[in-house]
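Worksheet for the structure shown next.
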Amino acid sequence: MNTHGGNIYKNKTVLDFSANISPFENSFIKDAVIASADMWSCYPDPDCTELVQRISGYEGEAPKKIVCGNGAADLIYRIVHTLKPEKALLLSPTFTEYEKALKEANCLICKYHLREETGFMPEDDLLDFIEQDTDIVFICDPNNPTGRVFPRDLKAKLTEKCTANNTTLVCDECFMDFVLPEKRTAVKNIMTESCICLKAFTKIFAIPGLRLGYALFGNEHTAAAVRENGQCWSVSVPAQAAGIAAADHAYMINDTASEIALLREEMQHCLDDLEITYFPSDANFILFRAEAGLDERLLKHGIMIRCCRDTLSEKHYRIAVRTHEENMRLIRALKECIHG
């Protein structure tokens, strides 16, 4: 059963706050996709040669250490099915596809539970959960659905522990572009051969329907093995064209992060005024707690939010940060649903 946000297809007129996507459209992406139409009759480049070169220039990583996929989720499954881990460590709550991929590989899953009373922040005792037989660790930074950035010092300690233990650390940084530059904790800056970093242009450039993600590997042999796993033509021609255009406009990312930060702060002030318990976020979404059934009541107002019953409880919800006008429409609907 799909429990992710963004499933608007039963009601295409709904205002969607359930998916954490930038609210800003980019005409240059559409132009690039349309311009690629003459190549749609051909198979896509299985090596994503030009796209990898552009990502290499943007990220400052060797092309041999970059693998592109049909969204970051595709790469999660390819990494798991390539490495075949027998024991994994996950944080909870977090993105559910890690657990799903690991279960498909019959991997034993251990969990480090983040606590609401500490704002869902991991602490140093996380390191104690990495044992000699832990094959792989997944972290989401900033975490989904909490929106919190992983503590910088702890991320460095985690990288060191995994490297010393020969444990693969997969750091999903697909939402890191929405974090203000001074708060970012990119794992590539402390990358070792045991590290894999998941990234995507699809969220910051609002193109999730095109499905495009990529991974940076500390070890080019692991990258090669993952590249050869899965289907041959995993990234379509229009997706590669969109990715090249996005990489060429990567200079826009910091401006988008700054705009999102202002909109997020405004939303959090509004939630304060409504006396809604929320958890301060570093990303483009906010986790809050309210009455059960709020998501169903908001649907009657034409607004969809993400209920986190699968990872937290039926009283926890996640909302995206959208434009000012859209955010205020959500706030008005919340006020009516909660306070009448």
So, in segment 265-275, of the ones that are among the charged types (D, E, K, R) and over 12 Å from residue 323 (Cβ atoms), which residue ends up surrounded by the fewest Cβ atoms within 10 Å (Cβ to Cβ)?
275
Looking at segment 250-284 only, could you name the residues that are touching a helix residue (DSSP H, G or I) at 6+ places or on another chain (Cβ under 8 Å), within 21 Å of residue 338 (Cα to Cα) and β-branched (Val, Ile, Thr)?
276
Any chance residue 215 is assigned by TED's automatic domain parsing to the domain that holds residue 135, within 18 Å of residue 144 (Cβ to Cβ) and modelled with pLDDT of 95 or more
yes
Cβ contacts < 6 Å: first residue assigned by TED's automatic domain parsing to the domain that holds residue 64, restricted to segment 224-238; second residue surrounded by fewer than 18 Cβ atoms within 10 Å (Cβ to Cβ) and assigned to a loop (DSSP other than H, G, I, E, B), any location; separation 6+ or different chain. Result?
232/46; 233/43; 233/46; 237/40
Of the residues 175, 205, 138, 129, only one is more than 15 Å from the chain's Cα centre (by Cα) and either touching a residue at least 40 places away in the same chain (Cβ under 8 Å) or outside the structural domain of residue 77 (by TED's automatic domain parsing) (or both); which?
129
Among (1) part of a loop (DSSP other than H, G, I, E, B); (2) at pLDDT below 95; (3) under 16 Å from residue 26 (Cα atoms), which single condition is residue 204 missing?
(2)
How do the strands (runs of 3 or more DSSP E) wholly within segment 276-323 filter down when requiring 1 or more residues that are buried (at least 23 other Cβ atoms within 10 Å of the Cβ), among the charged types (D, E, K, R) and in contact with a Lys or Arg (Cβ under 6 Å, 6 or more places away or on another chain): which remain?
316-320
Give segment 207-234 a look and list any residue that's of a type in the set (Phe, Trp, Tyr) and either in a strand (DSSP E or B) or buried (at least 17 other Cβ atoms within 10 Å of the Cβ) (or both), or say none.
214, 217
Could you check how many residues of segment 180-201 are in a loop (DSSP other than H, G, I, E, B) and in contact (Cβ under 8 Å) with a residue 60 or more places away in the chain?
2
Matching residues, segment 237-264, being surrounded by 18 or more Cβ atoms within 10 Å (Cβ to Cβ), under 19 Å from residue 52 (Cα atoms) and not β-branched (Val, Ile, Thr)
238, 239, 240, 241, 242, 243, 245, 246, 247
Could you say whether any residue in segment 56-74 is free of Cβ contacts under 8 Å to residues at least 12 places away in the same chain and in contact with a Ser or Thr (Cβ under 8 Å, 6 or more places away or on another chain)?
yes
May I ask you to verify whether residue 124 is without any contact (Cβ under 8 Å) to a residue 12 or more places away in the chain and either among the β-branched types (Val, Ile, Thr) or in the same structural domain as residue 199 (by TED's automatic domain parsing) (or both)?
no
Identity of the residue in segment 136-189, at pLDDT 95 or above and hydroxyl-bearing (Ser, Thr, Tyr), that ends up nearest to residue 261 (Cα to Cα):
146
What number of residues within segment 309-325 are in contact (Cβ under 8 Å) with a residue 60 or more places away in the chain and more than 22 Å from the chain's Cα centre (by Cα)?
1
Any idea how many residues of segment 1-49 are loosely packed, with under 10 Cβ neighbours inside 10 Å and in a loop (DSSP other than H, G, I, E, B)?
8
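The values are calculated or read from the model by the stated rules, or taken from the named source; none is laboratory data. Source: prediction; values computed, not measured. All Cβ positions, glycine included, derive from the backbone under ideal geometry; neighbour counts span all protein chains shown.
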